[in-house]
Amino acid sequence: MTGDTQDGRTNRRAFAILFGVSVATALGNTGMLSVLPAIGREIGIPDALVAGIFSLSAVLWAVTSPFWARQSDLRGRKPLIMLGLAGFAVSMTLCAIVVSAGLHHLAPPMVIFVLFLLARALFGGFGSAANPATQAYLAERTSREERTQTMASLAGAFGLGTVVGPLLAPLFVLPGVGLAGPMVAFAALAAGMLVVVHRGLPENFTPGRGDTPPRRRGMGLPWRGEGAALWKDPRLKPFLIYGFLVATCQTAQTQTLGFLIIDKLGLSPIKAQGFITLAMAAGAVAGLLAQWGLIRMFRMGPRELMRWGVAAAALGNIVVAFAPDYAAVAIGYAIASLGYGFARPGFTAGASLSVEAKDQAGAAGAIAAINGLNVVVAPLFVLLYEQIGWAPFVLNTVILLAMLVYAMRQVMLRSVNQGDADKEATIAGLERSDEGGV
């Protein structure tokens with residue numbers, strides 16, 4: 001056996017393990033998101049607060065991601081991947097315990113909400129360690145020619161998880177554990193992957209080898225120190241504005257969807273769970289169709305993606321807003337998801353193309369931050385839904401149409417260079433690996 005053959009097999013094994021890590025994380029995040037509305041209604045937590053359960057975790061994700069990225073440079077990739085998986089498993093376990101206590105009425109709903117918020121926050125604080133370490137691990141073991149395909153395949157793991165997670169979650173709503181069952185299952189899956197990583201993932205990283213970046217003040221936060229200038233950079237700022245608002249609309253629609261379906265069907269939260277699952281899965285498939293099929297098929301560049309994306313998402317939102325029945329809600333959500341599947345890779349690829357090579361890491365950090373922070377805004381849309389059922393979707397439509405005008409008139413968005421469609425699809429999938437899982 002030659003050295004090259006042995007290295008190739010080692011790399012394939014490492015990739016298979018990291019693919020499993022990514023699938024497990026995406027499964028847990030989207031699966032948990034799909035059962036949250038039913039959990040909130042069963043326990044008696046107000047809808048807006050249910051949507052807010054991800055908020056603290058999202059803020060911590062945005063704050064800690066740059067810190068963990070630096071630690072992976074200092075301490076190695078494998079330890080940070082294991083830390084992220086451990087944080088995910090512990091967070092899911094504690095969430096399951098808290099939800100079970102709430103379902104058995106062992107504490108008032110507001111106490112359960114606070115404990116749930118804190119349990120989920122552990123994922124934002126520690127689960128964020130795995131993502132930058134995983135990407136760095138693969139980048140170190142692939143050539144420039146191989147890297148695009150490798151990263152695209154890894155991104156496919158997140159996409160697979162977003163489809164399968166909501167489909168699997170109802171299968172674990174079992175007697176005895178009820179709606180806490182999916183979180184128990186996803187915690188066990190993460191714990192199993194932690195063992196696999198510990199035993200099977202090769203690591204040849206040498207901490208302190210002399211090529212680590214210099215220490216920066218402010219934990220490497222993108223809005224402080226050297227990174228702050230990049231946020232104000234006129235080349236990047238329009239993409240961040242566009243991306244934040246589009247991601248906010250998608251998160252708001254996704255987190256409001258479950259409550260809308262429960263109310264539209266007039267069923268108990270548990271009986272409505274299957275319908276929520278199917279609608280979310282249809283949206284995930286539509287998003288993947290955009291990112292992994294249509295973008296490549298039509299070789300759409302950032303400019304077209306940003307324009308067509310928000311137009312389709314606006315149409316989907318208006319369909320959901322005035323849908324007469326469940327079928328119309330599911331169709332509208334799928335159309336909107338198709339639009340987001342265009343728009344989000346469009347702004348991500350555009351942002352990457354708008355800056356030089358030395359600023360790529362900073363641009364990626366800024367994109368990761370807005371993808372985490374937009375989750376904080378979602379509870380306001382759910383609060384609006386509680387007052388006027390169609391209002392959050394109409395508001396989304398207005399925002400998205402405004403972004404269509406912005407994309408057509410803003411100089412940077414209008415003149416962004418056309419990139420390679422395969423590379424844009426790769427960036428698209430990686431961009432979805434954010435805290436909220438949407």
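The values are calculated or read from the model by the stated rules, or taken from the named source; none is laboratory data. Note that the structure is a prediction, hence the values are computed from the model and not measured. Cβ coordinates were reconstructed from backbone atoms using ideal geometry, including for glycine residues, and neighbour counts include every protein chain displayed. For the accessible areas, the whole protein counts, side chains as well, though only heavy atoms, and no ligand, DNA or RNA atoms are used. Shrake-Rupley method; radii C 1.70, N 1.55, O 1.52, S 1.80 Å.
Structural remarks
- Summary of packing: across the peptides 252-259, 97-104, the per-residue average of other C-beta atoms within 10 Å ranks them, highest first, as 252-259, 97-104.
- The modelled label-to-label distance between Ala402 and Asn11, using points 7 Å beyond Cα along the C-beta direction, is 4.7 nm.
- Scattering profile of region 227-378 at q = 0.11, 0.19 Å⁻¹ [log10 I(q)/I(0), Debye over alpha-carbon scatterers]: -0.46, -1.09
- Residues whose amide H lies under 5 Å from that of Val416, counting only those 5 or more places away or on a different chain, are absent; hydrogens are built 1.01 Å from N in the peptide plane.
- Potential lengthening between Leu103 and Ser415 on full extension [0.36 nm per residue; Cα-Cα distance subtracted]: 107.0 nm
- Only alpha carbons enter this Debye calculation for region 8-202, each as an equal point scatterer, and the log10 of I(q)/I(0) it gives at q = 0.10, 0.12 Å⁻¹ is -0.42, -0.59.
- Here region 8-202 exposes an accessible surface that is 71 percent carbon and sulfur, computed with a 1.4 Å probe and the other protein chains kept in place.
- Spacing of the two label points (7 Å from each Cα toward its C-beta) at Ala391 and Arg199, in nm: 5.5 nm
- Pairwise FRET efficiency - Ala328 versus Ala139, Cβ, R0 = 51 Å, nearest 0.05: 0.70
- Residue ranges 388-399, 114-125, 263-274 sort as 114-125, 388-399, 263-274 when ordered by packing (mean number of other C-beta atoms within 10 Å per residue, highest first).
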